[in-house]
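Some notes on the structure that comes next.
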Amino acid sequence: MILEGIVTTVAPDGAVNIAPMGPHVDAAMKRLLLRPFKTSQTYRNLKRHGEGVFHVTDDVWMLAQAAVGSVEPPPLLIPATQVQGHILPDACRFYEFRIVRLDDRQERTEIEVVVVASGRLRDFFGFNRAKHAVVEAAILATRVHLLPRAELLAELTRLAVWVEKTGGEQERRAFRFLQDYIERPNA
């Protein structure tokens, strides 16, 4: 199964990269399979450093920003306990990990990691169609260069209904942000 979340990694200069990621996971959450593109900062950081933190979160505003650029303002970060990395304290759960296998012979790198520490920070809000719609819109935003524009816009129109019917202010704000990004002529 793929579980959408956010990965934090550390660049050579110490900068923290915050990126959405949907690794393949099992119920035990002991091993994850990440598949970043080789063009991503997450890939470069993991190839160099080999450690990071995966976060399960319901904060769709952070996820939306991370999908298309940087998170502003930068979120509070706390040091990880077992890896050289950082935890987002507003996440629901976190999983500190180390790479056990990296195969970058294909377009999408396969990075198998083992979880070396984990923790629960707060309760997950729960299922909400608007939050799911923002996650889907964030995925679309990362694929504007791959999908036909008409297909992107049609999918946004469909997702907008979920956000309007079931979303709160955070979901509406995040969706509008992604919608503006996708609808830009040069996106």
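The values are calculated or read from the model by the stated rules, or taken from the named source; none is laboratory data. The model shown is predicted, which means the values in this text are computed figures rather than measured ones. Reconstructed Cβ throughout: ideal geometry from the backbone, glycine too, with neighbour counts over all protein chains shown.
For the stretch 97-140, the candidate set comprises residues that are in contact with a strand residue (DSSP E or B) (Cβ under 9 Å, 6 or more places away or on another chain), of a type in the set (D, E, K, R) and in contact (Cβ under 8 Å) with a residue 60 or more places away in the chain; within that set, the residue that is surrounded by the fewest Cβ atoms within 10 Å (Cβ to Cβ) is E107. Annotation: of all residues in the stretch 59-82 being buried (at least 21 other Cβ atoms within 10 Å of the Cβ) and not in a helix (DSSP H, G or I), the one that is farthest from the chain's Cα centre (by Cα) is A80. Restricting E169, E155 to those that are loosely packed, with under 14 Cβ neighbours inside 10 Å and acidic (D, E) reduces the list to E169.
Quick grid of which residues meet (1) in contact with a Lys or Arg (Cβ under 7 Å, 6 or more places away or on another chain); (2) of a type in the set (V, I, T); (3) in a helix (DSSP H, G or I):
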{"position": "R105", "(1), (2), (3)": "no, no, no"}
{"position": "A117", "(1), (2), (3)": "no, no, no"}
{"position": "H132", "(1), (2), (3)": "no, no, yes"}
{"position": "V144", "(1), (2), (3)": "no, yes, no"}
{"position": "A174", "(1), (2), (3)": "no, no, yes"}
{"position": "P185", "(1), (2), (3)": "no, no, no"}
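Screening M62, M29 for residues that are in contact with a helix residue (DSSP H, G or I) (Cβ under 9 Å, 6 or more places away or on another chain) and outside the structural domain of Q179 (by TED's automatic domain parsing) leaves exactly one candidate, M62.
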